[in-house]
Structures are given as C-alpha cells and as structure tokens.
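Here is the structure we will look at.
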Amino acid sequence: MAIIFDKEKKIFFLNTAHTEYQIKINEYNMPLHTYYGDSVGNADMAYLIRELDRGFSGNSYECREKRGISPDTLPFEYSSDGAGDYRVNAIGIILNNGSRTLDLRYKSHSIEEGRAPLNGLPYVRAEEDKVSSLNLVLTDECSGIEVVLIYNVFEDKDIITRSAKIKNNSSVTHILSKAASMSMDMPYKRMDLIHFHGRHAMERLTERNELTHDLQVISSKRGTSSHHNNPFVILCDHDANENSGSCYGFMLVYSGNHAEEIELDQAGSIRIVSGIADNNFSWKLESGEVFETPEAILAYSADGLNGLSYLYHRIIRENVCPKEFRDIKRPVLINNWEGTYFDFDEKSIIEIADAAADAGCEMLVLDDGWFGERNDDNRALGDWFVNEKKLPGGMSKIADHVNSLGMKFGLWFEPEMVNEDSELFRKHPEWALRDPDRKPVMSRNQLLLDMSRKEVVDYLFESMSKILDSANISYIKWDFNRSVSNVYSNWLPEDRQGETSHRFALGTYDLLERLRKAYPDIMMEGCSGGGGRFDAGILFYSPQIWCSDNSEPVNRLKIQKGTSYGYPVSTMGSHVSASPNHQNGRMTPLRTRAIVAMSGTFGYEFDPRKLSSEERSEIKEQIALFNRYYNLIQKGRYFRLTDSRSEEYFTAWEFVSEDKSEILLNIVVTDVRANPEIPHVKLLGLDPDAVYEIDNLFSSCQNLAAGTVDAGRKEKGMKISGAALMNGGFAFDPLYGVYPALQLHFVKGA
Ligand code: DGJ
C-alpha cells in the first residue's frame with residue numbers, strides 16, 4: 001500500500017516509487033506538512049520543525065504556554081485565515097456571524113484503493129495504474145465547516161494529486177471567499193520559481209527568478225487559464241538545471257481563473273497555494289452543501305527539469321488525455337484558416353481538399369466562417385447552422401468529398417460565444433454574460449454565453465449535435481477568442497454572482513463531457529486564440545490543443561519549449577504555415593518550419609493550391625518522415641538539450657524511444673554565424689553500451705560553396721556509442737543558411 005498511517009506517531013506516509021510525502025498530526029490535532037521529496041524510508045521528518053518562540057508569532061489558546069508552537073510558523077497542510085497564520089491562506093470564509101476565522105484540526109481519515117472521480121470537473125484518471133487515496137478530514141468546530149483533503153497517490157508514476165471538498169455541517173449559511181486545491185509549506189528551502197507567462201501569439205515563455213520575501217502571484221482573471229500565465233509552476237533549487245537538481249511541479253487541472261501564490265516568509269520557509277483565483281470569487285455554502293475544488297498534480301524529481309517534465313508528460317498523456325486517442329495515430333491535418341481566412345466557398349474548399357490530399361495530408365479542417373452569416377469576425381457566433389450560400393451542398397457534401405480523397409474531415413466551433421449580430425442573440429439576449437446596467441466590454445466584437453445556464457448548454461449540445469450528425473465529422477476544433485469581462489449572470493441571484501466564473505467553467509466541462517459521451521470517436525482539439533486555454537483541464541477532453549496562433553518556427557521554439565516543461569509534445573498542436581509568416585513577417589525555409597512543427601501533432605496551415613510541385617513533393621516527404629517517427633516523437637522521452645545562454649545561438653532537443661533503440665536529434669540555428677563556433681550538445685537518456693548510427697538526416701542547411709540545400713552532410717553514417725554521446729556529446733558540422741535546421745535519426749545496434 002502506497003499510503004501508510006503510523007497510528008502511534010500520527011504520521012501519514014504517501015509513498016511513490018521514488019518520492020515520499022509526509023503529513024503529521026501534532027498533539028493539538030494540527031495537520032502539519034513535514035516532508036515531500038526523495039524517499040527517506042518513512043523516517044519521521046518532524047524533527048525538522050524547530051519550535052522557536054518568535055516575537056509577534058502568537059499561539060493557539062491551548063498552547064499559550066508553549067510559545068514555540070505558533071500557527072504563524074508551523075508548516076500546514078491546508079492553511080486558513082484568522083487563527084494566527086499570517087501567510088497566504090488556502091481557504092477563506094465569511095461565516096454567518098461575519099467572522100472570517102477558521103481553525104482547521106484533524107478529525108478523521110480514510111485510506112482506500114483506487115480513486116474517486118471529481119464531480120463535474122476534470123481529473124487524473126486512474127486507468128490501469130495502482131492508485132491509493134487518502135481522505136483527511138479536518139474540521140473547524142466553531143463553524144461546522146469541514147474540509148476533506150483528498151490525496152491520490154499514483155505510485156509507479158511518482159505523482160500525487162490533491163483537491164479539497166469543503167462542507168458546511170452547520171445549520172446556517174456561510175460564504176466561501178477562497179477555496180484553493182492545495183497548500184504546501186517547505187521549510188528551509190531557498191528556491192527559484194519557474195513560471196510560464198506570455199501573451200496572445202507568444203504563450204508560455206519561460207521565466208525563472210529567485211524567490212524573494214513576501215508573496216508572488218501567478219494568476220489569471222480572464223475567465224480562462226490564459227495566454228498570460230499558465231496554471232503550472234515549478235519550484236527548484238538554485239543549482240537545479242535541465243539534468244540535475246531538486247524540482248517540484250504544481251499543475252492545476254482547471255481551465256478558468258486560477259492563482260498560484262508563492263510566499264517566502266519571515267522565517268525563510270516557502271508556502272505555495274494553488275487553486276481557483278479568489279479574485280471576484282465567492283460561493284454560498286448553505287447548510288449541508290459541499291464545494292469541490294479542482295485537482296492539482298504534484299510531482300517531485302531530483303533529476304532536474306527534464307526529469308520533472310518526464311513525470312508530467314507521462315501522467316498527462318496516459319492519465320489525463322482521453323484514452324481513446326492515446327495510442328492511435330492521429331492524422332496530419334491541413335487547416336484552411338491562414339489559407340483563406342473567411343474568404344472561401346464550396347468550390348475553393350473542394351480545391352483545397354484536392355490539393356491537400358495530393359500533398360499527402362490526412363485530414364482537412366474547415367475553420368471559422370462556415371455557419372450563419374459569418375463572413376467576418378463581427379457576427380453569427382451562436383448560429384451553428386451551415387451557411388448554404390457558401391456551402392450549398394451542406395456539410396455532408398464537403399465531408400463526403402474529403403472522405404472520398406481518403407482524408408478525414410474536421411470542423412471549427414466556438415461554442416461559448418455569441419455575437420450581438422446573430423439570430424441567437426436576437427432571440428436570447430439574456431443568455432449573454434453581461435451586466436444589465438452597463439454597455440459590455442467588447443472583444444473581437446463578441447460576448448460570452450452564460451455557460452452556467454443549463455438551457456445554454458442544452459442549446460449548444462443540440463445545435464452542435466445537429467451538425468455533427470449531418471456529416472462524417474472526425475474532429476472538432478474548439479475555439480475561445482476573448483477574455484471574460486462584465487462577469488454577471490442574468491439568472492443567478494445577487495448573492496451568488498461571485499459563483500459565475502466557476503459555474504461558467506463547470507458549464508463548459510459539462511458540454512465537453514456530453515459531447516465526448518455522445519461522440520466518443522470525434523477527436524477534439526482545444527484552442528483559445530491559439531494557446532490561451534492550454535491546460536490539463538481541457539486536455540481531459542481533447543488530447544491536443546492548438547499551441548499558438550504563431551507558427552513561425554523561430555518564435556515557436558520558445559513557445560514549444562516553455563510548453564514542454566509541463567505538457568507532452570503529443571498535446572501541442574503545431575503546423576507548418578506560409579512564409580513570410582502571417583504573425584511576424586519572418587521568412588524561414590519550409591524544412592525548418594517542418595522540423596519545428598514535427599515536435600508536436602504536425603499539420604499544415606496555408607493554401608495548398610499555391611504550392612509549387614517541388615514544395616508539394618517536399619511536403620509528401622515531410623509527412624512520410626513524420627509518420628515514420630510518429631511513435632518516437634509522440635511516445636518517446638523528450639529532452640531539452642540547450643539552456644537560454646546557448647539559445648542565443650541555437651536550440652536543440654531530442655526524442656529517445658522508451659527502449660532507447662532510436663534517437664531523433666533536432667537543432668535550429670537562430671543566429672547564424674560566419675566562421676562559427678561548433679554547435680555541441682550532450683545527449684541524454686541513451687543506452688551507454690549501445691552503438692548508435694545516424695541512418696537519416698533531414699536538413700534545411702545551405703552548402704555555402706554550392707549555394708544549395710546541403711544534402712550531403714557528413715553526419716550521415718556516423719557511429720557513436722551511447723556513453724560517448726552522453727559524456728563527450730555530439731559536435732555538428734557548421735549549419736549555414738537562413739535559420740538552418742537539422743534533424744538526425746540514430747538507430748541502435750548495427
Ligand atoms: C483563433 C484560432 O487560434 C485560429 O486558429 C482560428 O481558428 C481563428 N481563431 C478563427 O477565428
């Protein structure tokens with residue numbers, strides 16, 4: 001059993017293959033966090049708590065004589081406000097009498113095999129894994145508030161998930177003002193915080209800073225997890241790098257407003273709290289009612305950031321994403337958005353399908369503009385019926401034609417939105433989320449639908465089902481193109497308006513769940529103006545998410561690298577788009593674009609009718625290559641090989657198959673140089689005793705003398721041992737040209 005309770009010492013040991021998490025209940029029934037890290041053989045780590053009498057750190061009444069025991073410095077498992085702990089709190093409450101104090105003490109617990117699903121929220125599925133769970137019941141006697149802390153231990157995957165259920169056991173109503181999923185204290189840590197910030201078209205850029213005193217908050221109040229701050233943060237030792245050092249990950253399985261609060265306190269101890277953002281949040285908890293928080297995924301690795309990423313990649317791919325799409329080959333798609341924008345009709349889509357099929361694409365996705373009067377981005381969201389002026393044969397004519405070419409067919413939706421200029425809004429203005437006394441804030445000229453209303457979710461399910469039933473549709477691209485504002489639901493009462501944002505998220509999950517159940521074979525790709533909702537919550541329903549509207553490969557290196565810390569490449573929607581790029585105007589070689597896009601789900605995003613015959617055969621070659629390496633890329637281990645300093649010159653990364661028999665080494669030079677330093681990297685994760693041979697290379701490098709693509713590079717045929725590649729590394733011949741890229745495939749054993 002992964003969870004052990006030592007009755008005498010009142011310690012819970014949560015053991016995974018390599019890590020251990022400890023909770024101790026002290027003599028006053030305070031639930032203390034005493035350890036998380038490498039396994040220590042269930043040694044009692046409470047000796048680390050030193051009972052120092054600090055000035056202005058008060059004591060609970062019953063230990064007023066023991067001044068060293070202060071809620072201000074004790075490491076708590078779930079922190080509350082008002083009872084002497086001045087650090088950031090996990091739970092906030094306004095009690096029926098106006099008091100805001102909560103003092104949570106241990107009441108009981110249960111330990112079980114397996115895990116219970118969350119109610120209406122995404123979570124980490126048990127699948128075929130050995131999972132045990134601990135329910136730790138805490139109670140505040142005065143108010144009757146009970147908090148059940150839920151821990152699920154994924155033993156073999158070195159993962160622990162946490163969430164909380166908050167119940168009102170009293171006969172009166174209390175108001176929750178904050179309800180985080182987890183809180184954890186780490187005494188004696190001097191750490192760096194790594195987080196993933198960004199903006200539209202430049203998402204999840206990596207930022208690493210040493211923690212300083214007081215509170216740092218990584219959050220979104222945009223109604224989605226957002227382009228701006230991903231709900232995933234890492235705390236690591238100062239000397240941790242990609243390959244060594246202690247790293248802790250905290251990822252929220254949630255797609256709405258979130259906050260990761262990290263505090264370095266007076267005593268040099270760190271607290272992290274993660275959950276739904278408390279900004280504008282409140283939840284009325286009537287007698288007997290329960291509030292359930294989203295789940296957080298915790299991981300620890302002593303093997304540096306690559307080691308931590310591996311744990312997240314495995315759990316997301318195998319236990320968060322829908323199983324149906326885990327092992328099947330997903331199609332290489334072509335999306336018409338950047339090829340046509342709104343300017344298409346039946347004839348042009350059929351021509352695009354013909355050209356895409358000829359180039360070897362496996363699925364055509366018809367993007368925005370196929371419904372209602374949607375001829376630009378000012379109207380028709382909500383009108384989910386085919387625009388027969390554009391597509392007179394209906395959706396089935398397009399789908400049938402695409403299918404007849406041997407391709408699958410996919411369709412774009414933006415379900416949670418409505419335009420004022422739409423049939424839906426004219427019929428149901430009250431379904432829009434907006435403050436009735438004000439003019440709404442507009443963005444892309446659209447409003448949000450009130451997903452907290454059941455009839456809205458019903459309408460969306462029915463209107464989307466009608467389309468899905470009308471044609472052979474294999475894929476949905478699910479978009480979301482604005483941030484939330486004027487959060488106000490026209491059906492919720494005044495004292496429940498603080499619930500709107502979370503109820504919105506629950507409504508979205510409900511719709512996703514209903515569609516998944518009704519159409520289990522239809523694969524979804526999440527999207528929010530690119531990667532504005534790239535989170536484990538959306539991945540629970542859709543195994544891939546459009547990573548960014550920016551598919552220019554040099555910018556994408558940074559976006560995909562930042563994304564890779566928490567999410568596997570199998571989740572990253574990545575396409576080859578036109579050059580010059582539509583987002584930044586940069587020109588790059590087709591092969592460089594392909595090498596970067598292959599480290600994702602792979603597809604194309606341009607007008608294939610404009611391809612030259614050379615480009616068309618080039619694309620055939622790219623698709624064949626991607627399909628040949630599909631398992632290696634999608635299921636192999638991914639390693640970042642360069643740090644930000646080397647990346648001023650080049651970026652390199654590597655895939656290694658689980659059995660270590662194959663390697664795919666990729667490099668893109670972003671600052672090409674004359675008389676260059678030799679690009680050099682040390683490979684990772686290989687079999688030291690094996691000899692690896694480079695059997696294929698794919699390059700966009702120029703041969704300076706010939707002025708052509710360098711097909712005859714010297715690397716092909718080289719044989720090097722795994723030990724040599726990991727210790728001596730690999731030295732590339734110089735890469736010349738415009739953003740030159742090289743992909744080397746190694747096989748073990750010849
Ligand atoms: C934003 C998406 O990220 C694009 O790919 C495209 O689908 C547009 N929306 C369509 O409006």
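Would you mind calculating the relative contact order of the chain from Cα pairs under 8 angstrom and at least 6 residues apart, reporting the percent as a whole number?
Details: 1867 pairs, mean separation 73.9, N = 750.
That works out to 10 percent.
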Practice task
Mind listing the long-range amide H neighbours of Phe76? Cut-off is under 5 Å, sequence gap 5 or more, other chains count too, H placed in the peptide plane at 1.01 Å from N.
Solution key: His33, Asp185
Fill in the blank from the handout: Unpartnered Cys in the chain, judged by a 4.7 Å Cβ-Cβ cut-off, are Cys63, Cys142, Cys321, Cys361, Cys527, Cys547, Cys701
Exercise for the section: Determine the shape class of the chain: with a ≥ b ≥ c the square roots of the Cα gyration tensor eigenvalues, call it rounded for a/c under 1.5, and otherwise prolate if a/b is greater than b/c, oblate otherwise. Expected result: oblate
Practice task
May I ask you to list the lysines whose Cα is less than 22 Å away from that of Lys682, ignoring any residue fewer than eight positions away on the same chain?
Solution key: Lys558, Lys561, Lys635, Lys660, Lys714, Lys716, Lys719, Lys748
Exercise for the section: Assuming R0 = 30 Å, can you tell me the calculated FRET efficiency for the pair Glu388 and Phe325, based on Cβ-Cβ distance, to the nearest 0.05? Expected result: 0.40
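What shape does the stretch 161-245 take by its C-alpha gyration tensor, where a ≥ b ≥ c are the square roots of the eigenvalues and a/c under 1.5 counts as rounded, a/b above b/c as prolate, and the rest as oblate? Write out the running numbers ahead of the final one.
Numbers: a/c = 2.68, a/b = 1.50, b/c = 1.79.
Oblate.
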Practice task
Under 25 Å Cα to Cα from Lys165, which lysines show up? Leave out anything in the same chain fewer than 8 places away.
Solution key: Lys7, Lys10, Lys24, Lys107, Lys130, Lys157, Lys178, Lys221, Lys284, Lys454
Practice task
Calculate the dipole size of the chain relative to its Cα centre from +1 charges on Lys and Arg beta carbons and -1 charges on Asp and Glu beta carbons; express the result in debye to the nearest 20.
Solution key: 360
Practice task
Read phi for every residue in the stretch 70-87 and hand back ³J(HN,Hα) as whole Hz from Karplus 6.51 cos²θ - 1.76 cosθ + 1.60, θ = phi - 60°, with x for Gly and Pro.
Solution key: 10, x, 6, 10, 5, x, 9, 7, 7, 8, 10, 9, x, 10, x, 9, 9, 7
Problem - Part-to-part distance (alpha-carbon centres) for the stretch 67-132 and the stretch 711-750, which is given in Å - result: 51
Problem - Leu215 paired with Arg586, simple spin-label distance in nm, labels 7 Å along Cα-to-beta-carbon - result: 3.8
Practice task
Considering the options Met30, Ala2, Leu411, tell which one lies farthest towards the positive end of the dipole of the chain, charges being +1 on Lys and Arg and -1 on Asp and Glu at the Cβ, about the Cα centre.
Solution key: Leu411
Completion exercise
Highest mean packing first, using Cβ neighbours within 10 angstrom, the peptides 151-162, 279-290, 590-601 sort as 590-601, 151-162, 279-290
Practice task
Work the Kirkwood hydrodynamic radius out for the stretch 321-465: mean of 1/r over every pair of different alpha-carbon atoms, inverted, in Å.
Solution key: 16.7
Practice task
Using per-residue counts of other Cβ atoms within 10 Å, averaged over each peptide, order 540-548, 31-39 from highest down.
Solution key: 540-548, 31-39
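In deg cm²/dmol, rounded to 500, what helix-only [θ] at 222 nm does the chain give when every DSSP H run of at least 4 residues adds -39500 (n - 2.57) and the total is split over its residues? Kindly include the intermediate steps, with their values, before the conclusion.
Working: 13 runs with 133 residues, N = 750.
After summing the helix terms and dividing by residue count, I get -5000 deg cm²/dmol.
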Problem - Those lysines that a straight Cα-Cα span of less than 22 Å connects to Lys390, excepting residues fewer than 8 apart in one chain - result: Lys347, Lys408, Lys466, Lys477, Lys610
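If packing is taken as the average count of other Cβ atoms within 10 Å, what order do 120-126, 389-395 fall into, highest mean first?
Values: 120-126: 20.6, 389-395: 16.0.
The densest-packed peptide leads the list: 120-126, 389-395.
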Completion exercise
the stretch 158-175 and the stretch 474-542 have their Cα centres apart by a whole-number Å value of 23
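Read the figures in this text as sums done on the coordinates, not as results from a lab. It should be emphasised that the depicted structure is a prediction, and the values quoted were computed from it without experimental measurement. Here Cβ is always computed from backbone atoms with ideal geometry, including for glycine, and neighbour counts include all displayed protein chains.
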